[in-house]
Amino acid sequence: MEYDESLIVPNRDRSLADGALDPWTKPRYTGRRSTLRETARKRKIPYTKPWRSLGKKHQAFLLSERTGAYTGILPFLRDLEAKRYKQYIRVFLRQYQKATICGDCRGGRLKPEALAFTITDKTIADVSAFTAAGLS
């Protein structure tokens, strides 16, 4: 899965203290917020300054690194993917994912074998996308 940083940090004017890292603003992640606060203190990352004013090095660390008790947002989200069998986890992760079109089916949501059959150069996915008005 690919995650969209603009969804993870939707308001770059917020500080870490004000919930710049959106996934950890959820009530169930109180412990993650405490770890973030402690890690920021130890690493001298400004906790009350806007995200946009943090250096690229600090931003990259907060998003991607895994050290000691701290797990960055991206590894955290990837770890949660193992629990995708739980609906609430799928819903939670979907909030932060990039919208991409599958290269195999081009958004048709069918196996390549099903898309291989065409009628007048239209696949079943093409035909099912027609509206009633488009068929006339």
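The dipole here belongs to the range 1-126: it is taken about the Cα centre, uses +1 on the Cβ of Lys and Arg and -1 on the Cβ of Asp and Glu, and is about 780 debye.
Amide H contacts of Tyr3 (H built 1.01 Å from N, in plane; Pro and chain starts excluded): Lys98 sit under 5 Å, all sequence-distant by 5 or more or on other chains. Per residue, the chain reaches -9500 deg cm²/dmol at 222 nm when only DSSP H runs of four or more residues are counted, each adding -39500 (n - 2.57). Within the listed set Asp121, Asp22, Asp13, the Gaussian network model of the chain (springs between alpha-carbon atoms below 10 Å) gives the highest mean-square fluctuation for Asp121. Put a dot 7 Å past the Cα of Gln87, heading toward its Cβ, do the same for Cys105, and the two dots end up 2.1 nm apart.
Probing with 1.4 Å while keeping every protein chain in the model, the per residue accessible area of the chain equals 68 Å². Say we join alpha carbon atoms closer than 10 Å with springs in a Gaussian network model of the chain; which of Phe76, Phe117, Phe92 then has the biggest fluctuation? In the Gaussian network model the winner is Phe117.
The values are calculated or read from the model by the stated rules, or taken from the named source; none is laboratory data. Note that this is a predicted model, so its numbers are computed, not measured. FYI the Cβ positions are ideal-geometry reconstructions off the backbone, even for glycines, and counts take in every protein chain you see. To get the accessible areas, we keep the full protein, side chains included, count just its heavy atoms, and leave off ligands, DNA and RNA. Shrake-Rupley method; radii C 1.70, N 1.55, O 1.52, S 1.80 Å.
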